[in-house]
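Notes follow once the structure below has been shown.
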Amino acid sequence: MMNAGLLIIRLAIGLSFAGHGAQKLFGWFGGHGIKGTGGFFESIGMKPGVTMAVLAGLAELIGGALFVLGLLTPLAAVIIAGTMVVAILKVHGPNGYWATENGYEYNLMIIAVVIGVALIGSGQYALDAIIFQGN
């Protein structure tokens, strides 16, 4: 049951993150694409905005995909957690804890989940288990 639970967690978090990356990079799923995201980043002091949008989009897309696959899971967790730390520092932190006030509650929960999965392992239904089974 633990392996199925880890797979569900990896799918939910990883697909959501990959989707956020696609929003930033391609404008999919209601996203604003690189230029729109870059403009937002410029408005909050992240310059150059377009470059930062590309980097953030790639981090979310790649981190999310790795997490879904259970491939290099600790690296995927660091990428996702790092993205969330930046979101807290640049956007949500000044608003306090609660998500209802646009605070960092959600970001902190994501950090806890991905670091927790990285510490206990990605489970049997993961590429890490197949590739690194002897380690």
Task: Any helices (runs of 4 or more DSSP H) falling wholly within the range 58-135 and containing at least 2 residues that are within 20 Å of GLY19 (Cα to Cα) - done: 73-87, 105-120
Open item on the list: What pairs come out if I take residues in the range 43-54 that are closer than 13 Å to HIS32 by Cβ and pair them with residues that are acidic (Asp, Glu) and assigned to a helix (DSSP H, G or I) whose C-beta lies under 9 Å away, six or more apart or interchain?
Closed with: GLY49/GLU42; VAL50/GLU42
Task: Top-ranked residue of the range 23-55 - restricted to ones that are basic (Lys, Arg) and part of a helix (DSSP H, G or I), ranked as surrounded by the most Cβ atoms within 10 Å (Cβ to Cβ) - done: LYS24
- [ ] Filter the range 35-56 down to residues that are among the hydrophobic types (A, V, I, L, M, F, W, C) and touching a helix residue (DSSP H, G or I) at 6+ places or on another chain (Cβ under 7 Å) and give me whichever is nearest to VAL85 (Cα to Cα).
- [x] ALA56
TODO: Looking only at the range 15-35, decide whether some residue is closer than 20 Å to ALA129 by Cβ and touching a residue at least 60 places away in the same chain (Cβ under 8 Å).
DONE: no
Task: Filtered residues of the range 117-135 (kept if free of Cβ contacts under 8 Å to residues at least 40 places away in the same chain and either out of contact with any helix residue (DSSP H, G or I) (no Cβ under 9 Å at 6 or more places or on another chain) or surrounded by 12 or more Cβ atoms within 10 Å (Cβ to Cβ) (or both)) - done: ILE130, PHE132, GLN133, GLY134, ASN135
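Read the figures in this text as sums done on the coordinates, not as results from a lab. Because the structure is a prediction, the values reported are computed rather than measured. FYI the Cβ positions are ideal-geometry reconstructions off the backbone, even for glycines, and counts take in every protein chain you see.
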